[in-house]
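Quick notes on the structure that follows.
The values are calculated or read from the model by the stated rules, or taken from the named source; none is laboratory data. Computed from a prediction, not measured in an experiment: that's the story for all the values here. Cβ: placed from backbone, ideal geometry, glycine included. Neighbour counts: every protein chain shown. Accessible surface is based on the protein model in full, side chains and every heavy atom, while ligands, DNA and RNA are left aside. Shrake-Rupley method; radii C 1.70, N 1.55, O 1.52, S 1.80 Å.
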Amino acid sequence: LGSCLGGVFKRTLAQSLLALFASSLAISLVFAIIPLCHNVVVLAVVMAVAGLAMGCIDTISNMQLVKIYQKDSAIFLQALHFFVGFGALLSPLIADPFLSDTNCILANGTANASSNLPHIRKSLVPHHPGNLSHYDLPMKGMVVTRVSYAFWIMALINLPVPIAVFFLLYKERMVPCFNGSSHPLLSADELALETRPGDRDELSTAGQRPHTAAGHEDLFSCCQSKNFRGVSFTYFAVHITGALVLFMTDGIVGEYSGFVYSYAVEEPLAVVHKVAGYLPSLFWGFITLGRLISIPVSYRMKPATMVFINVVGVLITFLLLLIFSSSVVFLFVGTASLGLFLSSTFPSMLAYTEDILQYKGCATTVLVTGAGIGEMVLQLLVGSIIHDRGSYSFLVCGMIFGCLAFTFYALLVFFHRMYPRPSPELDEASPDKAAAAEAGQYQR
């Protein structure tokens, strides 16, 4: 829902920055409030607000990079998603010192209950939920947990982000009370890597474009039927197939990081719990490393080629994981390999799809939403299948999702071949089409 909401604020730079400011500030407030939630309904509402804010940030940040840099956006998208992975890797390390290995409530018999916690954790795998009834933990007493500090530290770490966005709003003369004394940080031409007339039109400040035609800058103009008149079916097919590729690949990221621990501690591998706990960190670590490597690689390699390498690499990795399913060593090697191949799929697919559509469609919103839905749905699906069919189905599901991702990518390439290229006469006649023309040449 947050990803869809972010697409509403895409039309002007002012709208995007205001939405980024509100969303990033909301995240700090949510993390500060979470330790104070003593009711599960209140906690659910607070977490829902956090999800909306994060989805909104996801769409707007990707969309603005594509809009500003256009055919050069692949490099910046890789850098953006490197920091996404870096944050996912760093935040558990910040929280870890404040997590307790013992019961957090002191009462009579706490020592005995605490000694049972390793057995309880071992029982929290899909096939043994009934074992929980054998261990009694005190529910009343003095709370000794320090986990609240982790949330408050994360709230403080995030606080410079809304401050920086507000500063950018101020410098771009978009704050109503302070729009007379500041000077813009960069002009549109300086911000982009190349001079593009389309960029000057799209990225000019609110003061330069106080009033625009209502039909053009309406918040929901992307969804208006008049924008789809005369559009070929391949326009919709590119959106749908691109979203389905990310539905599968981001779904694999979610289900693998969520269930690789449960798979490792089950038979036949039966990895020690502490060792198995390193697998999700290894996975996210190599996702982060892969995104860092992809920044210079994307400067030399086309996004379509990178996506092809990614989906084929995911397929081969899952195939080898199935073949060597009894090897603990290869599980660690395969986890690292899978992280590398999945790392750059999202930014590369986004750059590729926007390139096909000449940076004038709603592709970013559709793709980000598809990725978010896949990450949510496939985790639920795989969790239920593992519960019913056993741990081996974890790898089988990954292989099936990988095959589907490759199939949808092949369809995307097919529809790309069919997609009409921009008319040279129209591009020369209209300066507003200059950016689209450059994108079309890059595509070819």
Filter region 340-377 down to residues that are part of a loop (DSSP other than H, G, I, E, B) and not small (Gly, Ala, Ser) and give me whichever is surrounded by the fewest Cβ atoms within 10 Å (Cβ to Cβ).
Lys360
Of the residues in region 384-395, those that are part of a helix (DSSP H, G or I), crowded, with 16+ Cβ neighbours inside 10 Å and in contact (Cβ under 8 Å) with a residue 40 or more places away in the chain number 3
Any pair with Cβ under 6 angstrom, 6 or more apart, that starts in region 240-263 at a residue that is closer than 28 Å to Leu357 by Cα and ends at one that is of a type in the set (Val, Ile, Thr) and open to solvent by less than 30 Å² (accessible area, probe 1.4 Å)
Gly242/Thr353; Thr249/Thr345
Have a look at Leu80, Leu17, Leu43, Leu29 and point out the one that is within 15 Å of the chain's Cα centre (by Cα) and at pLDDT 85 or above.
Leu80
I need a count of the residues in region 31-65 that are in contact (Cβ under 8 Å) with a residue 24 or more places away in the chain and either open to solvent by less than 40 Å² (accessible area, probe 1.4 Å) or closer than 19 Å to Val8 by Cα (or both).
18
Going through region 69-81 one residue at a time, which ones are surrounded by fewer than 24 Cβ atoms within 10 Å (Cβ to Cβ) and closer than 13 Å to Thr364 by Cα?
none
What's the number of the condition Phe247 fails, among (1) modelled with pLDDT of 90 or more; (2) open to solvent by 60 Å² or more (accessible area, probe 1.4 Å)?
(2)
Members of region 46-55 that are within 19 Å of the chain's Cα centre (by Cα) and modelled with pLDDT of 90 or more:
Met47, Ala48, Val49, Ala50, Gly51, Leu52, Ala53, Met54
Sort out which residues of region 267-302 are within 27 Å of Ile356 (Cβ to Cβ) and either open to solvent by less than 10 Å² (accessible area, probe 1.4 Å) or polar (S, T, N, Q) (or both), and write them in order of number.
Ile287, Gly290, Ser294, Ser298
Examine region 323-330 for a residue that is open to solvent by 60 Å² or more (accessible area, probe 1.4 Å) and either in contact with a Pro (Cβ under 6 Å, 6 or more places away or on another chain) or within 14 Å of Ser73 (Cα to Cα) (or both), and state whether such a residue exists.
yes
Which count do you get for residues in region 320-340 that are β-branched (Val, Ile, Thr) and over 16 Å from Leu289 (Cβ atoms)?
3
